[in-house]
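The values are calculated or read from the model by the stated rules, or taken from the named source; none is laboratory data. Note that this is a predicted model, so its numbers are computed, not measured. For neighbour counting, all protein chains shown are included, and Cβ atoms are generated from backbone atoms with ideal geometry for every residue, glycine included.
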Amino acid sequence: MSHEYHSPESEASRGKYGILYNIRPAELNFPDAINFPDQLLHQLGTASRLVLVGMAGVGKTTLRLQIAEALGRPSLSVLYDEAAAQEKEESGLARTALWSPSNWTNTDQRLREMIVTAENQRHDNELLIIEMPGEGKRAGQVLAEVAQDMQSEPIGKTIVVNVVSSDPRIAMRSGHARPRIITSPPEKVVAVLRDEFHTVITVNGEAVPETADPYLLEGLGRKIQRDYMFMAPNEVIAQMRAEEMATTLRWSFADPSRNYRMVEQITIPPVPEGSEGDYDLPPHWQVLSKASAGRQLERFDNLQIKRGLSTVVFNPYTQKTIYLPISLP
């Protein structure tokens, strides 16, 4: 069943979905790149699955929530972080490199089972959104299986968007927010996000005011805390960033011609209009960000999943207010 999507016309409406409307394809020659967010939402009106791929802390969760609300179509989500949290709890191990191969295999299997369950429960008018790292020991094989499924599907039934951070401060902000949120009293969570992390919680498109009913604030706080509990902790974000950097450098040095292609074919989007301060990235980070996007694009080609709007996108850093849509508990 299709869903007709109407693009927000006012800047205020688009501002509520600032993360969504700031993402841009990494490919310099991507058709009509500036309108990619609207293209994506239109395509998702008839798609069955959206797979958001990317390492921890790049903004997948905020993007997922903004897409779901902007689209206005019923959706259900499957989260790799929830599968990892289940494995952590049952194995009794922390989510660190101390995990054995069986822990990673078990997490992938949990994710597969969650996807199958969601597919069986999904109604025709619902969009299934899968959020996962999708690389190496962290669900890399699951993404390969998604790519294989896409070979026999009509183009656009499944859309894969790989989110790459164009600034390390995005992951740092995510890492700092998690411990503050899960240790705050539930009724204070909305205020902590607003005052310390420039993040405004919205319900049904409206910002939750400071004077909201205490029971509402407590209910929202508990729901947000539960979501943040599933997110990767700081040490996992730091570990994944280190792994990403090492893998990207090895990939880049293995074939010097890749560096030329990255300069010629990949573009980092400008800082979102209205942001304050100096956000010029150091040259070495620009090179690393382009290399990371280039590696992911090559992986898309190798897996044969770069079809239609499936691509790699940059999520640029901004200090403008972030709006985080939360459904009522």
query: surrounded by fewer than 14 Cβ atoms within 10 Å (Cβ to Cβ) and within 18 Å of the chain's Cα centre (by Cα) - does that describe any residue in the range 222-236?
result: yes
message: Here's a check for you: in the range 247-267, which residue that is more than 18 Å from SER166 (Cβ to Cβ) and assigned to a loop (DSSP other than H, G, I, E, B) is modelled with the lowest pLDDT?
response: PRO256
task: Please tell me if PRO101 is surrounded by fewer than 22 Cβ atoms within 10 Å (Cβ to Cβ), under 30 Å from GLU27 (Cα atoms) and out of contact with any helix residue (DSSP H, G or I) (no Cβ under 9 Å at 6 or more places or on another chain).
output: no
message: The conditions are (1) over 24 Å from THR311 (Cβ atoms); (2) at pLDDT 90 or above, and GLU119 fails exactly one of them. Which is it?
response: (1)
task: Could you please let me know if ALA118 is surrounded by 13 or more Cβ atoms within 10 Å (Cβ to Cβ), in contact with a Leu (Cβ under 8 Å, 6 or more places away or on another chain) and within 19 Å of ASP301 (Cα to Cα)?
output: no
- line: Within the range 130-145, restricting to residues that are under 15 Å from the mean Cα position of the chain (by Cα) and part of a loop (DSSP other than H, G, I, E, B), the one that is nearest to GLY59 (Cα to Cα) is PRO133
field: Identity of the residue in the range 166-203, modelled with pLDDT under 85 and not in a helix (DSSP H, G or I), that ends up surrounded by the fewest Cβ atoms within 10 Å (Cβ to Cβ)
entry: PRO168
- request: Give me the pairs, please: first residue somewhere in the range 146-158 and more than 20 Å from GLN109 (Cα to Cα), second residue anywhere and polar (S, T, N, Q) and part of a helix (DSSP H, G or I), beta-carbon distance under 9 Å, and either six or more positions apart or on two chains.
  value: GLY156/GLN43
- prompt: Which ones in the range 36-52 are out of contact with any Lys or Arg (no Cβ under 8 Å at 6 or more places or on another chain) and within 14 Å of ILE23 (Cα to Cα)?
  reply: PRO37, ASP38, GLN39, LEU40, LEU41
- prompt: Can you name every residue in the range 268-316 that is at pLDDT below 80, out of contact with any Phe, Trp or Tyr (no Cβ under 6 Å at 6 or more places or on another chain), not in a helix (DSSP H, G or I) and not small (Gly, Ala, Ser)?
  reply: PRO270, PRO272, GLU273, GLU276, ASP278, TYR279, ASP280, LEU281, PRO282, ARG307
message: If I filter the range 54-66 for residues that are of a type in the set (Val, Ile, Thr), out of contact with any Asp or Glu (no Cβ under 8 Å at 6 or more places or on another chain) and either assigned to a strand (DSSP E or B) or farther than 25 Å from MET245 by Cβ (or both), do I get at least one hit?
response: no
query: Among the residues of the range 36-94, how many are buried (at least 22 other Cβ atoms within 10 Å of the Cβ), among the basic types (Lys, Arg) and more than 11 Å from GLU131 (Cβ to Cβ)?
result: 1
- prompt: Cβ-Cβ below 9 Å, separation at least six or inter-chain, first residue in the range 186-206 and under 12 Å from LYS223 (Cβ atoms), second among the polar types (S, T, N, Q) and at pLDDT below 95: which pairs?
  reply: PRO186/GLN225; VAL189/GLN225; VAL203/SER327
message: Between a residue in the range 291-308 that is among the polar types (S, T, N, Q) and any residue that is at pLDDT below 90 and surrounded by fewer than 21 Cβ atoms within 10 Å (Cβ to Cβ), which pairs come within a Cβ distance under 7 Å, given they are 6 or more apart or on different chains?
response: SER292/THR248
query: Does the range 151-165 hold any residues that are outside any strand (DSSP E or B) and either among the β-branched types (Val, Ile, Thr) or touching a Leu at 6+ places or on another chain (Cβ under 9 Å) (or both), and which are they?
result: ILE155, GLY156
